[in-house]
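Everything below concerns the one structure shown next.
The values are calculated or read from the model by the stated rules, or taken from the named source; none is laboratory data. Predicted model, so just to flag it, every value in this text is computed and none were measured. When we count neighbours, we look across all protein chains shown, and the Cβ atoms used for this are built from the backbone with ideal geometry, even at glycine.
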Amino acid sequence: MKFIKYLLVGILFGIVLTKSEAVSWYRIYEMFQFESFHMFGIIMTAIAVGVVGIQIYKRNKVVGLDGKQIQIADKDKGFKNYIIGGTIFGLGWGMIGTCP
């Protein structure tokens, strides 16, 4: 019961992704063929919201639900993690047939 709010946020996020057609194979294909701005618009909006949100957290010292200040760790400078993560992501796309 403690994590029900996270489940609800996840369900809402899934609905938003589905309604925006971000999970559509055709939309992903259009993006990689540079035929449509739709997916690029979704990605750029997500980046903008993320940047603004992180800046708000840093400047206002926002606290979490437990009352402790949210700590944003410095980004790891390693390159190996990105290769491994990108490979897993790409293999997942390939296995489910999403990769254009």
Under the condition of being over 20 Å from the mean Cα position of the chain (by Cα) and not in a loop (DSSP other than H, G, I, E, B), which residue from the stretch 68-94 is modelled with the lowest pLDDT? Q69
Considering only residues that are of a type in the set (A, V, I, L, M) and part of a helix (DSSP H, G or I), which ones fall in the stretch 20-45? I28, M31, M39, I42, I43, M44
L17, sole failed condition from (1) part of a helix (DSSP H, G or I); (2) surrounded by fewer than 10 Cβ atoms within 10 Å (Cβ to Cβ): (2)
Restricting the search to the stretch 23-39, which residues are within 18 Å of G90 (Cβ to Cβ), without any contact (Cβ under 8 Å) to a residue 12 or more places away in the chain and in contact with a Ser or Thr (Cβ under 7 Å, 6 or more places away or on another chain)? none
Filter the stretch 49-58 down to residues that are at pLDDT below 90 and either within 16 Å of V23 (Cα to Cα) or of a type in the set (A, V, I, L, M, F, W, C) (or both) and give me whichever is surrounded by the most Cβ atoms within 10 Å (Cβ to Cβ). I54
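Matching residues to (1) out of contact with any Leu (no Cβ under 9 Å at 6 or more places or on another chain); (2) surrounded by 11 or more Cβ atoms within 10 Å (Cβ to Cβ); (3) modelled with pLDDT of 85 or more:
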position	(1), (2), (3)
M1	yes, no, no
I4	yes, no, yes
L7	yes, no, yes
E21	yes, yes, yes
I43	yes, yes, yes
I47	yes, no, yes
N60	yes, no, yes
D66	yes, no, no
